[in-house]
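Novice: So that we are looking at the same thing, I have put the structure below in C-alpha cells.
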C-alpha cells in the first residue's frame with residue numbers, strides 16, 4: 001500500500017510534469033471552456049491545493065493548500081500549509097480575489113492539510129491536517145499524528161478568522177494521519193477516517209503501524225468545551241480492507257459508506273495486501289455500541305479495477321459509484337469508474353460492474369470521487385493521460401434495458417501551464433451547472449490552480 005501523504009510522494013512526478021509541460025506564457029484561447037480563477041504562486045502564497053473547494057452562501061470559495069505560507073523548517077516539507085478564500089469579481093474588476101485566511105504553524109497547531117473544508121450551520125469551517133498536533137508520531141523527528149481543526153469567521157466583516165485544533169490524534173488505537181474530507185450528520189457530529197493506526201500490533205504498510213480507522217467527533221455539550229472522539233471502526237487488515245481513502249458519505253438511515261486503498265482480496269496486489277474495498281458501516285440500533293462493517297465489494301484487479309484513491313457517491317436508488325486508480329478493462333490498466341448495486345432482497349449480495357475503463361487517451365489514474373447532478377449524470381476528473389489530466393462525464397441511458405448503459409464523454413483535456421493541470425480532488429457545482437475544482441499543478445507558476453468549467457448544454 002502506498003503512503004497516503006501524497007505531496008511528498010509526488011516529488012518524482014513533479015519533475016516529470018515540468019519536463020512535459022514546462023512553464024508557458026500567454027492567455028487562454030477563446031474557444032476554451034475552462035478558466036483558471038486563481039494560480040498559486042508558491043512560497044507565502046500556498047503550494048498544491050488539496051481536497052477541492054466549497055462555496056459559502058455569498059458565492060465565495062474556500063479551500064486549503066498542503067504546503068506554502070512561508071518557510072518553516074519545523075514542518076514536514078519545509079512549510080506548513082494554508083487556508084484560503086477566493087472572492088468572485090466585483091463590478092469593474094475581471095479577476096477573482098484570493099485572501100489567505102490562515103497559515104499553519106506546525107507543532108500543536110497542525111501542519112499539511114490534505115483535505116477540503118466543510119461548513120457547519122453557523123458558518124464555521126472544518127478540516128484535517130496530516131501531521132502536527134500533540135500526538136507522539138515521529139518521522140525522523142516528532143511531527144505529530146494529525147489534527148481536526150475549526151476555522152471561526154470574524155464577528156465583523158474584514159476581521160481575522162480564528163483557528164482552533166478541536167482534536168489531536170494520538171496514534172495507536174486512536175489512529176493517525178487523517179485523510180479525506182469530513183462529513184456532518186444531522187446532530188452535528190463529524191465523521192472521518194485515518195489512513196493508519198487502529199491496532200498497533202498489525203501493519204498494512206512498511207512504514208506505519210495499523211490499517212486505519214473511522215472516527216466520530218461529537219461537539220461539546222457546553223460552549224467552550226472539548227470535542228469528544230471515539231473510533232467507531234478499526235480495520236483489521238485482511239479481507240475487511242485497509243487504508244481508508246477519501247471522504248465518507250451518509251445515507252438517510254445513518255449508514256456510512258467509503259472505500260479503502262488496499263485490503264480485501266488477498267490474491268490481489270503486492271504481498272497479498274489486496275487491491276481495495278468498498279464498505280458500509282451500520283450504526284448500532286440504540287446509538288451506542290459497536291458499528292457493524294460490511295464489505296460490499298473487494299476489488300480483484302485486472303478488468304475489475306484496483307486501488308481506489310477516493311470515496312464513493314450514492315444516487316437516489318442507493319447505487320454507489322466510484323473510481324479506481326488502476327486496473328479496468330483497457331490494455332493499459334489506467335483505472336476505472338465502477339457502479340455497485342444494492343441487493344433486491346435484504347441480505348443479498350451487492351453487485352459491482354465497471355462502467356468505464358480509462359485508456360490514457362481519455363484520461364488515466366482517477367484520484368477523486370465523482371460528482372452527481374440531479375439528472376443522475378456523473379462528473380469526474382482523471383489525474384493523468386494525454387496533457388495534464390481530463391474532465392469527463394458519464395450519462396445514464398435506460399432505454400429498454402433493466403440495467404442502464406452509460407455514455408462516456410471526454411469534456412476537457414488540461415493543457416500546458418498557465419492552464420490548470422493534474423486534478424486529484426472532486427468537482428462541485430456552482431450556479432447554472434458550472435463546475436469548480438482544483439488541480440495539484442498547473443497555473444501560471446505550476447504550483448496548482450482553482451478552475452471553473454462550463455459543460456456544454
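Novice: Over the range 241-385, what is the relative contact order in percent, taking alpha-carbon pairs closer than 8 angstrom and at least six residues apart?
Specialist: It rounds to 17 percent for the range 241-385.
Novice: Could you compute the FRET efficiency for residue 456 and residue 173, with r as their C-beta to C-beta distance and R0 at 45 Å, rounded to 0.05?
Specialist: Calculated value: 0.35.
Novice: Given a Förster distance of 51 angstrom, what is the FRET efficiency for residue 303 paired with residue 431, based on the Cβ-Cβ distance and rounded to 0.05?
Specialist: Once the sixth-power term is evaluated, E becomes 0.80.
Novice: Let me make sure I get this right: for the range 266-381, a, b and c are the square roots of the gyration tensor eigenvalues over alpha carbons, sorted descending. Under 1.5 in a/c it's rounded, otherwise prolate if a/b > b/c, else oblate. Which is it?
Specialist: oblate
Novice: Follow-up question, since we're still on this one. Let me understand the range 71-226 better: what is its radius of gyration from the alpha carbons, and its Dmax, in angstrom?
Specialist: Computed over the Cα atoms of the range 71-226, radius of gyration and Dmax are 16.9, 61 Å.
Novice: Starting from the 7 Å offset along Cα-to-Cβ, what nm value, one decimal, do you get for the label separation of residue 218 and residue 252?
Specialist: Result: 2.7 nm between the two label points.
Novice: How high is the relative contact order of the range 330-446, in percent, counting Cα pairs under 8 Å that sit 6 or more residues apart?
Specialist: 19 percent
Novice: Here are labelled values, (1) 66, 48, 48; (2) 91, 64, 47; (3) 60, 54, 39, and one is the computed Cα extents along the principal axes in Å for what I pasted. Which one?
Specialist: (3)
Novice: Determine the shape class of the range 158-268: with a ≥ b ≥ c the square roots of the Cα gyration tensor eigenvalues, call it rounded for a/c under 1.5, and otherwise prolate if a/b is greater than b/c, oblate otherwise.
Specialist: Prolate, because a/c is 1.5 or more and a/b exceeds b/c.
Novice: Given 0.36 nm per residue, what is the gain on full extension from residue 351 to residue 288 after removing their alpha carbon distance, in nm?
Specialist: Contour length minus Cα-Cα distance gives 19.6 nm.
Novice: While we're here: At 0.36 nm per residue, and after removing the present C-alpha to C-alpha distance, how many nm does the segment from residue 344 to residue 152 gain when stretched out fully?
Specialist: Length difference between fully extended and current span is 64.6 nm.
Novice: Describe numerically, in nm with one decimal, the distance between label points set 7 Å from Cα along Cα→Cβ at residue 316 and at residue 122.
Specialist: Spacing of the two 7 Å Cα→Cβ label points: 3.5 nm.
Novice: How far apart, in nm, are two points set 7 Å out from the Cα along the Cα-to-Cβ line at residue 409 and at residue 141?
Specialist: 5.3 nm
Novice: Return the FRET efficiency for the residue pair residue 164, residue 58: r is the Cβ-Cβ distance, R0 is 30 Å, and the value is rounded to the nearest 0.05.
Specialist: Taking R0 as 30 Å, the efficiency between residue 164 and residue 58 is 0.80.
Novice: Now a separate question. For the ranges 380-387, 256-263, 158-165, 368-375, what's the packing order if you count other beta-carbon atoms within 10 Å of each residue, average per peptide, and put the highest first?
Specialist: Sorting 380-387, 256-263, 158-165, 368-375 by mean packing, highest first, produces 256-263, 380-387, 368-375, 158-165.
Novice: Moving on to the next point. Considering Cα pairs under 8 angstrom that are at least six residues apart, work out the relative contact order of the chain and quote it in whole percent.
Specialist: This gives 12 percent for the chain.
Novice: Related question: Order the peptides 41-48, 345-352, 107-114, 278-285 from the highest to the lowest mean number of other Cβ atoms within 10 Å of their residues.
Specialist: The packing order, highest mean first, is 107-114, 41-48, 278-285, 345-352.
Novice: Give, in nm to one decimal, the length gained when the segment between residue 93 and residue 374 is fully stretched (0.36 nm per residue of separation minus the Cα-Cα distance).
Specialist: Full extension of this stretch gives 97.9 nm more.
Novice: In the range 219-312, what is the volume of the convex hull around the alpha carbon atoms, normalised per residue and reported in Å³?
Specialist: 118 Å³
Throughout, read-outs are computed from the coordinates displayed, never taken from laboratory work. Please read these numbers as outputs of a predicted model, since none were measured by experiment. When we count neighbours, we look across all protein chains shown, and the Cβ atoms used for this are built from the backbone with ideal geometry, even at glycine.
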